[in-house]
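K.L.:
Before we start, here is the structure in question, set down as structure tokens.
The values are calculated or read from the model by the stated rules, or taken from the named source; none is laboratory data. Since the model is a prediction, treat every value here as computed from it, not as a measurement. FYI the Cβ positions are ideal-geometry reconstructions off the backbone, even for glycines, and counts take in every protein chain you see.
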Amino acid sequence: MGGSAFRSMLGEAAFPRLPPTVYEALKARLLPRISELYTYVSVPKEAPEKGDYGDLDILVAEPRFQLSHSTEVPGLLGGEAEGPDGLSSAHVLVKRTLQAKHVIPWHGNRTSNYAVPVQMGEWEAFGFGQLEMERRSDTPGSEIFYQVDINVCADKEEWSRIAFFHSYGDLGMMLGLVARNIGLRLGETGLKYLPTTSKSKYTLYRTSSQSITHRPGPHHLGFALLPKNATPTIYYQLPIAGKPPLVLSSSFDEILPFLGLSKDVYDSGFKSKEDIFRWVASQRFFSPRMFRSSGPGITKVNQDRKMYAQFVAWVEQHRQGLEKSGISPGDNDRRASPAPAPSSVIDDKQEGACQKSEARTDTVISALIAEEALIYFNKKYELEARVTAQANRERVRKTFCGHNVRDWMGLGDHWRGVKLVMDEIRKRMGGEVGVLRFLDEIQVQGIPGEAEESLKEIVVRVRDELGIAQSLQSRPPDDAASSGKDSTQPQEG
């Protein structure tokens, strides 16, 4: 999770990679010690087939003592201040418990790094005495260290989520990649829906009035592409920049059943990396044809995430076999994806059209999955309420905005006066909610432009009641001119 923290301080050679038996002995020695300080302590489950280890990651939550992870207390309990801000009481106590020599502290619920010296001859008991001496010969002073990372979680729930996501190497990142392929976001904080817009070159239509159930795969949802004269059901399809995602669930115990993944298999462990790859690819929304590891919406991953890269290569290598095995339910949706013509009769132009059709179908499937996710996690009404609230805010800002009020007041760029008028109107109407209620009441009358005209009348009346025009006219010419060119515009909304 952070295996290179000390490299610039002490050098690469000072932190040799650890043979599995040495790593397991270090874990067995340190976990009981840290458990004396925190209620919840664990190490993410290691990836299978791993030949050596770079560091030991320990997740903790709920300190047993009154510890501070932010107060600077240099020198407390004999701990010297090695970071630029000194060490907190928690850092000092953990350092002493681990018998660490160096610390890179991060305050709050963050991961701090500790350098624990390897005692002379310590690896001899595990049959690696010669390797230890070779590693010592590569460093000044023959001193080598274990890097121990302590990740302080906010609570038990976060501790559990991070333990799941970071177990078995890059498994969590693989799940996150597959989620992005279907228009969702999966990470340490859980599963999220990405707000999208319904603007598209095609329309989704409901084919039956039957309610959506949690059946295996988007092809069971009762949707298809139909002629343009059908009754449309609008869905949000394209990502909207700057809109916060909606949390569907923060519990992986809830998320895995939705994805169709077995928690029992996860808990039992994996014997090989390919077992992990197949488990990830067994989720009901995984589609080899839709799978991509780069492009819009896909976060670029560091090159040192080798297992992640191996998974991507594995999917590419086994793409045809995965499709034939029926792992990809999305590809079975023949109502939304017509069978392609034989390759022997597809010319360049037809091939381009086929690819365009596939891209269109992929977007349809992603929209269906997102719709099912909203219903499965009971978040559809929450999303609709958020969309409605945003639309209301935009409606108020479009009508009751600084530029409109400036024009209605007729006093030029007297932005200070504009702000006074807008603040007074908000006060009288009860804030933005009151302004929206006023606009709704006028809109009910159905007269085009009546809302703006009515609001303009109020602006002019408030302007006169506040005496802004008279105040501006009574000023000396120079002051009035400067006030009329006031560049400070009021905040809208």
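K.L.:
Going residue by residue through the range 451-460, is there one that turns out to be surrounded by 11 or more Cβ atoms within 10 Å (Cβ to Cβ), of a type in the set (Asp, Glu), within 17 Å of Arg395 (Cβ to Cβ) and at pLDDT 80 or above?
P.N.:
The answer is yes; a qualifying residue exists.
K.L.:
Within the range 107-204, considering only helices (runs of 4 or more DSSP H) that don't extend past its boundaries, which have at least 2 residues that are closer than 28 Å to Ala309 by Cβ and either free of Cβ contacts under 8 Å to residues at least 40 places away in the same chain or of a type in the set (A, V, I, L, M, F, W, C) (or both)?
P.N.:
In the range 107-204, 156-165, 171-181 are the helices (runs of 4 or more DSSP H) which contain 2 or more residues that are closer than 28 Å to Ala309 by Cβ and either free of Cβ contacts under 8 Å to residues at least 40 places away in the same chain or of a type in the set (A, V, I, L, M, F, W, C) (or both).
K.L.:
Here is a list of conditions, (1) at pLDDT below 95; (2) over 21 Å from Tyr376 (Cα atoms), and Ile150 meets all of them except one; can you say which number that is?
P.N.:
Failing condition for Ile150: (1).
K.L.:
Mind listing whichever residues of the range 119-157 are in contact with a strand residue (DSSP E or B) (Cβ under 7 Å, 6 or more places away or on another chain) and of a type in the set (D, E, K, R)?
P.N.:
Residues satisfying the conditions are Glu143, Asp149, Asp155, Lys156.
K.L.:
Tell me, please, whether a residue that is surrounded by fewer than 18 Cβ atoms within 10 Å (Cβ to Cβ), over 21 Å from the mean Cα position of the chain (by Cα) and part of a loop (DSSP other than H, G, I, E, B) can be found in the range 294-301.
P.N.:
Within the range 294-301 (the criterion being surrounded by fewer than 18 Cβ atoms within 10 Å (Cβ to Cβ), over 21 Å from the mean Cα position of the chain (by Cα) and part of a loop (DSSP other than H, G, I, E, B)), the answer is no, since none of the residues qualifies.
K.L.:
Would you confirm whether any residue within the range 39-57 is closer than 23 Å to Met133 by Cβ, in contact (Cβ under 8 Å) with a residue 60 or more places away in the chain and of a type outside the set (A, V, I, L, M)?
P.N.:
Yes; the residues of the range 39-57 include at least one that is closer than 23 Å to Met133 by Cβ, in contact (Cβ under 8 Å) with a residue 60 or more places away in the chain and of a type outside the set (A, V, I, L, M).
K.L.:
Now for a separate question. Could you give every pair whose Cβ atoms fall below 6 Å, whose first residue belongs to the range 301-316 and is more than 17 Å from Glu49 (Cβ to Cβ), and whose second residue is modelled with pLDDT of 85 or more, counting only separations of at least 6 or pairs across chains?
P.N.:
Once the first residue is more than 17 Å from Glu49 (Cβ to Cβ) and sits in the range 301-316, its partners that are modelled with pLDDT of 85 or more give Val301/Tyr308.
K.L.:
If you don't mind, another one. Of Gly417, Gly412, Gly352, Gly431, which residue is crowded, with 18+ Cβ neighbours inside 10 Å and either within 30 Å of Ala469 (Cβ to Cβ) or modelled with pLDDT under 85 (or both)?
P.N.:
Gly417
K.L.:
Follow-up. Can you report the number of residues in the range 61-91 which are at pLDDT 90 or above and hydrophobic (A, V, I, L, M, F, W, C)?
P.N.:
So the count comes out to 1.
K.L.:
Next up: Any idea which of Pro257, Pro288 is buried (at least 17 other Cβ atoms within 10 Å of the Cβ), over 16 Å from Glu49 (Cα atoms), without any contact (Cβ under 8 Å) to a residue 60 or more places away in the chain and outside the structural domain of Arg161 (by TED's automatic domain parsing)? I'd like the intermediate steps shown before the answer.
P.N.:
Numbers: Pro257 fails: buried (at least 17 other Cβ atoms within 10 Å of the Cβ).
Step by step, each of Pro257, Pro288 is checked, and only Pro288 is buried (at least 17 other Cβ atoms within 10 Å of the Cβ), over 16 Å from Glu49 (Cα atoms), without any contact (Cβ under 8 Å) to a residue 60 or more places away in the chain and outside the structural domain of Arg161 (by TED's automatic domain parsing).
K.L.:
In the range 32-59, which residues are surrounded by 17 or more Cβ atoms within 10 Å (Cβ to Cβ), among the charged types (D, E, K, R) and in contact with a strand residue (DSSP E or B) (Cβ under 7 Å, 6 or more places away or on another chain)?
P.N.:
Asp55, Asp57
K.L.:
May I pose another question? Would you mention how many residues in the range 263-276 are in contact (Cβ under 8 Å) with a residue 60 or more places away in the chain and more than 21 Å from Ala163 (Cβ to Cβ)?
P.N.:
Going through the range 263-276 one residue at a time, the tally reaches 1.
K.L.:
Determine the pairs where a residue that is closer than 14 Å to Arg33 by Cα and touching a residue at least 24 places away in the same chain (Cβ under 8 Å), located within the range 87-102, has a partner that is part of a helix (DSSP H, G or I) and not hydroxyl-bearing (Ser, Thr, Tyr) with Cβ atoms under 8 Å apart, the partner being 6 or more residues away or on another chain.
P.N.:
Taking only residues 6 or more apart or on different chains, the pairs are Leu93/Leu77; Val94/Ile34; Thr97/Arg33; Thr97/Ile34; Leu98/Leu30; Leu98/Arg33; Leu98/Ile34; Ala100/Val94.
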